[in-house]
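Scroll down for the structure; my scribbles are underneath it.
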Amino acid sequence: MVYAAFLNKLSTDAMSFKTPGALLAKGPFLIARNPSRFVEAWAFTDNPVDISIGVSNFDAAHMAAEALLAKQSGAVAFAARRLGYAIERHREDGYRTAVSDVAQDPIVYTVEAVRPAFAAGAELMRQVMGDDRVKSVLFAGDVIAVGALFEAQRMGVSVPQDLEICGIGNYEIGAHCVPSLSTVSIPSFEVGKRTVEAFFDETGSSKLSSKLIFRESASL
């Protein structure tokens, strides 16, 4: 009821939430009690409280997994740090759907969220290198993918010759790694722009497209 008490006193015309969390559970009630516009930005959802602007994390991972699978050089795995976010689950679902479409069993590696991101990537790389089936890995995010690249250098693993690596997010650090990180770019600027525009006009929900970025760690 904290959210309800807070919103009952609002005089603002619009609000934006990147990760609404508990707000979603009481969304319909809150909207009925307050005229504010709610914009859920970043991760697109088909069932927003009011307005959703962002990308489909399912589609982003599905697209990357399909590109890795098209090479037909071996099994493609998915690696993630378990943070408990819906984004993470949607990306894994996108991967699982892509591999099932080509009759490959999903291969998923995970570490707990208590590990720092680079350390998590290193641990995931050690797990992957224990499986001779895997020739490509889609990481749930760029930061853990970079951690995996660092660990590959320490282990003497040649990327992409021995193992191809792809991230999601297009963080700047990935472009400056050696080898540079292939990834999926999320249109962050456009998400922010359209979120602000939704506050001032009648724009509704908007699903934006992500795109593959071809770099050295995986020839997508």
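Read-outs throughout are calculated quantities, based only on the coordinates presented, and are distinct from any laboratory measurement. None of the values given here were measured: they were computed from a predicted structure. Using ideal geometry, Cβ is built from the backbone for each residue, glycine included, and neighbour counts are taken over all protein chains shown.
Observations, loosely collected:
- Here's how it looks for Ile165: its modeled amide H is under 5 Å from those of Val137, Ala218, which are all 5 or more places away or on a different chain.
- FRET efficiency for the pair Ser158 and Arg133, taken as 1/(1 + (r/R0)^6) with r the Cβ-Cβ distance and R0 = 22 Å, rounds to 0.75.
- Annotation: amide H-H contacts under 5 Å for Phe38 (H modelled 1.01 Å from N, sequence separation of 5 or more, or interchain): Met15, Ile51.
- Cα gyration tensor shape for the stretch 57-185, rounded if a/c is under 1.5, else prolate or oblate: rounded
- Sorted by Cβ density within 10 Å, fewest first, the residues Ile173, Ile168: Ile173, Ile168
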